[in-house]
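Let me begin by presenting the structure, written as structure tokens, before commenting on it.
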Amino acid sequence: MKPVLSVLGTGYLGTTFAACMSSLGFEVIGVDTDTQKVERLSKGELPFFEPGLEEIVIAELASGRLTFTTDFSKAKNADMHFICVGTPQRDDGLAADLKYVFAAVDGITPFLKSGSLVVGKSTVPVGTAQKIRNQLALTAPQVEVAWNPEFTREGFAVEDSLRPDRIVVGVTSDRAEEILKGAYAPLLDIGTPWIRADLPTTELVKMAANSFLATKISFINAMAEVCEAAGGDVTVLARAIGYDPRIGNKFLKAGIGFGGGCIPKDIRAFIARAEELGATQALEFLKDIDSINLRARQRVIEVVRRTLSEDLSGFKIAVLGAAYKPDSDDVRDSPALDIAAQIHAAGATVTIHDPKALVNARKRFPAMQYAQTVEECLAGADLVLHLTEWAEYRSLDPKALSTITKSPRIIDGRNALDRDLWVAAGWKFHALGRANA
Ligand code: UDX
């Protein structure tokens, strides 16, 4: 008999995990407190954009293996309960807000069957799993707690879930490990590396992984600043150091930096937790990583002012991209949208285009203008900013677009466009960290 799984929290992480586990043949019950979300998911409608996921949700609903509900009691037969709720930054500081995690634990506690496993997937400060353990020891002593972080990237979530780099499980017994191996049997069969650890190490793995990724990006953005000062080219520098296998060429794309609902808040929560643990100095460097990242946004705004004028009022600026990264409609802590909003606040008229994120962007900043097509976005612009590297922007025809703008000037905030092509088409082209054309 295959184990039955429940997934608590059907946001981005939970929906992807629920649908993918169902596609591997498990019965999965997705539980969420948001009635509207559950209604939409039950009809096969995703509340966010993720390539390839909606098709899987529709097929799995039809198979009968996947269901969504607001009723925790429907998960009473589950052998494993995966906590997949959000852990956003708290309003009053850098730490993570764990209220959704504990609400999920409280919601499922009355329905936990004997011998079942509560498995955290949400990214949490180290020590959270033990707190849940302590709580359940009093309220549901018949269950065990495990941790199993998720490393999925938006835009590649299906691929990352069905073919992960590794599976990391934090357990306190061999039995818990065996139960988890039951859920991941199809992924173990394809050779996915399996790492067993204790609970705190497992919680730290996720924080360490995201901190390392953030460090790589801020490292190359720091190099971009030095390249600008010295007349070098950060894209060539990144390529040259990336051939060293100890360094590697991934996550060395200089530009306006990282954003999204995970990395920025995770490194801040990690700093806050280290302070609580008396290890403040160890993560002091992450504050610099955060500052370098936020500075990249300011550097673009400085280039805008240098290109146009200190006073931006009256200028028309076209922004290509609102999502924090391509293949996503997510605008949480998006560097692109943040830059657009700051330029708008400084008096410029800002028109934004994005293939998927316009609805979410408009909800956040209704006063800016939003264009359905690139042509509409660029019409009459004094300056174009390329801020999210959607593939479709790389195939634009700069020659044709140069006649639409008032002045063919572009800043490539992602070092993703073919500079020679744009310059040959008559554009004044500025890229972060590169000697300018
Ligand atoms: C990240 C982690 O990669 C993933 O393992 C974790 O589970 C969740 O957080 P994600 O938020 O989907 O995933 O985005 P990712 O692809 O890692 O990019 C994060 C940000 O860094 C984006 O804003 C992206 O534009 C930026 N980035 C990435 C760079 O600026 N340069 C790079 O070289 C790579």
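With respect to Val300, determine if the residue is of a type in the set (Val, Ile, Thr), in a helix (DSSP H, G or I), in contact (Cβ under 8 Å) with a residue 12 or more places away in the chain and surrounded by 22 or more Cβ atoms within 10 Å (Cβ to Cβ).
When the stated conditions are applied, Val300 passes them.
Among the residues of the range 387-407, which ones are of a type outside the set (D, E, K, R) and in contact (Cβ under 8 Å) with a residue 24 or more places away in the chain?
Residues satisfying the conditions are Leu387, Thr388, Trp390, Ala391, Tyr393, Pro398, Leu401, Ser402, Ile404, Thr405, Ser407.
Looking only at helices (runs of 4 or more DSSP H) that lie completely in the range 184-271, which have at least 1 residues being within 14 Å of the ligand (Cβ to nearest atom) and under 19 Å from Asn293 (Cα atoms)?
Because the criterion is at least 1 residues that are within 14 Å of the ligand (Cβ to nearest atom) and under 19 Å from Asn293 (Cα atoms), the helices (runs of 4 or more DSSP H) in the range 184-271 that meet it are 199-230, 234-242.
Being surrounded by fewer than 22 Cβ atoms within 10 Å (Cβ to Cβ), modelled with pLDDT of 95 or more and under 22 Å from Asp330 (Cβ atoms) is the requirement here; does Leu204 meet it?
So Leu204 does not fit the description; no.
Can you pull out every residue in the range 227-243 that is open to solvent by less than 40 Å² (accessible area, probe 1.4 Å) and more than 24 Å from the chain's Cα centre (by Cα)?
Residues satisfying the conditions are Cys227, Gly232, Asp233, Val234.
Taking interchain pairs and intrachain pairs at least six residues apart, which have beta carbon atoms under 6 angstrom, with the first residue in the range 11-35 and within 13 Å of Phe48 (Cβ to Cβ) and the second of a type in the set (Asp, Glu)?
Leu13/Glu150; Ala19/Glu60
Would you be able to say whether some residue in the range 131-145 is of a type in the set (Gly, Ala, Ser), modelled with pLDDT of 95 or more and away from the ligand (no atom under 14 Å from the Cβ)?
yes
Those residues that are open to solvent by less than 10 Å² (accessible area, probe 1.4 Å) and over 19 Å from Ser309 (Cα atoms), I need them from the range 333-343; list them, please.
Answer for the range 333-343, where residues must be open to solvent by less than 10 Å² (accessible area, probe 1.4 Å) and over 19 Å from Ser309 (Cα atoms): Ser334, Pro335, Ala336, Leu337.
State the number of residues belonging to the range 272-291 that are more than 22 Å from Thr87 (Cα to Cα) and touching a residue at least 60 places away in the same chain (Cβ under 8 Å).
2
Kindly indicate whether any position in the range 305-316 is more than 15 Å from the ligand (Cβ to nearest atom), closer than 22 Å to Met223 by Cβ, more than 18 Å from the chain's Cα centre (by Cα) and open to solvent by 10 Å² or more (accessible area, probe 1.4 Å).
For the range 305-316, residues more than 15 Å from the ligand (Cβ to nearest atom), closer than 22 Å to Met223 by Cβ, more than 18 Å from the chain's Cα centre (by Cα) and open to solvent by 10 Å² or more (accessible area, probe 1.4 Å): present.
State which residue is nearest to the ligand (Cβ to nearest atom) when the search covers only the range 153-183 and only residues that are over 21 Å from Leu117 (Cβ atoms), out of contact with any Phe, Trp or Tyr (no Cβ under 8 Å at 6 or more places or on another chain) and not in a helix (DSSP H, G or I).
Out of the qualifying residues, it is Arg153.
List the residue pairs whose Cβ atoms are under 8 Å apart, where the first residue sits in the range 154-173 and is basic (Lys, Arg), the second is away from the ligand (no atom under 11 Å from the Cβ), and the two are 6 or more positions apart or on different chains.
Every condition considered, the pairs that remain are Arg163/Leu187; Arg163/Ile190; Arg163/Thr192; Arg166/Thr192; Arg166/Pro193; Arg166/Trp194; Arg166/Ile195.
Residue by residue through the range 317-353, note down the ones that are hydrophobic (A, V, I, L, M, F, W, C), touching a residue at least 24 places away in the same chain (Cβ under 8 Å), more than 9 Å from the ligand (Cβ to nearest atom) and under 17 Å from Gln298 (Cβ atoms).
Listed by number, the residues that qualify are Ile317, Val319, Leu337, Ile339, Ala340, Ala341, Ile343, Ala346, Ala348, Val350.
The values are calculated or read from the model by the stated rules, or taken from the named source; none is laboratory data. These numbers come from a predicted model, not from an experiment. For neighbour counting, all protein chains shown are included, and Cβ atoms are generated from backbone atoms with ideal geometry for every residue, glycine included. Please note that ligands, DNA and RNA were not included when accessible areas were found on the heavy atoms of the full protein model with its side chains. Shrake-Rupley method; radii C 1.70, N 1.55, O 1.52, S 1.80 Å.
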